[in-house]
1. To make sure I understand the rule: partners must be aspartates and glutamates, Cα under 16 Å from the Cα of K174, and not fewer than 8 residues away in the same chain. Which ones qualify?
2. For region 89-221, just say rounded, prolate or oblate: build the C-alpha gyration tensor, square-root its eigenvalues into a ≥ b ≥ c, call rounded for a/c under 1.5, and beyond that prolate if a/b exceeds b/c, oblate if not.
3. Relative contact order of the chain, please, whole-number percent, based on alpha carbon pairs below 8 angstrom and at least 6 residues apart.
4. Rounded to whole Å and ordered largest first, report the semi-axes of the equivalent ellipsoid of region 100-173 derived from its Cα gyration tensor (root of 5λ).
5. Could you order the peptides 74-80, 159-165 from most to least packed, using the average number of other C-beta atoms within 10 Å per residue?
6. Going by a ≥ b ≥ c, the root eigenvalues of the Cα gyration tensor, does the chain fall in the rounded group (a/c under 1.5), the prolate group (a/b larger than b/c) or the oblate group?
7. Dividing the convex hull volume of the alpha carbon atoms of region 110-150 by its residue count, what do you get in Å³ per residue?
8. Among the aspartates and glutamates, select those whose C-alpha is under 12 Å from the C-alpha of K111, and discard any that sit fewer than 8 residues away in the same chain.
Amino acid sequence: MPPADLETAVEGAMIEGLGRRGKYLLLALDGARTLVMHLRMTGNLVLVEGESKLDPSEGRRLYEGERSVSERHLRARFLLDDGREVWFTDPRRFGEAFLIDDANLGTRFSKLGVEPLSDAFTPEALGRMAANRTAPLKSFLLDQSGVAGVGNIYADEALFRARLHPLSPAGSMKPEHLEALRDAVVAALEAGIDGGGASIDDYRDGRGEKGTMQDEFLVHTREGEPCPRCETPIVRIVVSGRSTYYCPGCQVRLRRRPRRRRPKRS
């Protein structure tokens with residue numbers, strides 16, 4: 001959506017609520033409209049107030065001492081009625097924002113899968129998603145049409161918690177694997193929330209602070225370090241173009257389950 005069009009559309013609007021669908025952030029506005037934002041890989045939304053309010057034209061840094069989040073990466077600035085500002089910074093320019101009528105939200109997100117922190121995310125639901133799928137488990141978890149909101153970091157952490165090899169075919173899981181993976185996805189995401197996110201590079205929270213999840217990684221980015229469970233060195237591979245970390249000692253690689261043959265007609 002062109003910035004000028006978005007500016008005209010949201011000027012004077014009241015923010016009535018905040019929400020999320022998958023990796024999309026939802027700002028509910030008056031008039032039954034929603035401002036939808038996706039931070040992608042390097043985007044941040046930061047509340048700027050008081051003495052920390054900076055003029056981008058001055059060339060000063062929003063986060064003192066950080067190399068990649070200076071004002072040259074400021075993409076949008078929302079002025080609130082109390083004088084504070086919400087800044088959207090994005091070094092790699094992958095983020096996006098668009099305005100949509102609430103009546104069209106369901107259609108817009110119809111291709112997104114189940115929310116992993118909802119009651120609908122059950123082992124049975126996971127099994128239906130994975131049935132007959134030959135894709136590796138890592139790729140399966142990153143497919144937003146199945147489970148919405150799981151990214152690269154948390155897929156690695158979840159598979160480690162579930163003791164499942166990232167290259168196992170998704171359709172090879174048995175009921176006990178489905179339950180373990182469901183629980184592991186929830187546990188990994190909740191750990192990320194408790195840690196305020198992972199600030200490996202650019203990510204900061206709404207106050208401009210780093211998260212601490214990167215200090216709690218079990219396998220992600222820990223190539224060559226001992227597994228916290230069995231002390232086997234962590235290995236890095238590439239799956240679907242994404243760096244993937246796992247323990248070859250305790251993450252079991254499942255075999256593809258053969259399809260049942262239909263009985264021959266006599």
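Since every read-out is calculated from the coordinates, none of them should be taken as a lab result. Values in this document were obtained by computation on a predicted structure and should not be read as measured data. With ideal geometry, Cβ positions are generated from the backbone for all residues, glycine too; neighbour counts draw on all protein chains shown.
1. Qualifying aspartates and glutamates at Cα under 16 Å: E124, D183.
2. oblate
3. Relative contact order, the chain: 16 percent.
4. After diagonalising the Cα gyration tensor, the semi-axes are 24, 13, 11 Å.
5. Details: 74-80: 14.7, 159-165: 23.0.
Packing proxy ranking, top to bottom: 159-165, 74-80.
6. Oblate.
7. Per residue, the Cα convex hull of region 110-150 comes to 69 Å³.
8. K111 reaches D143.
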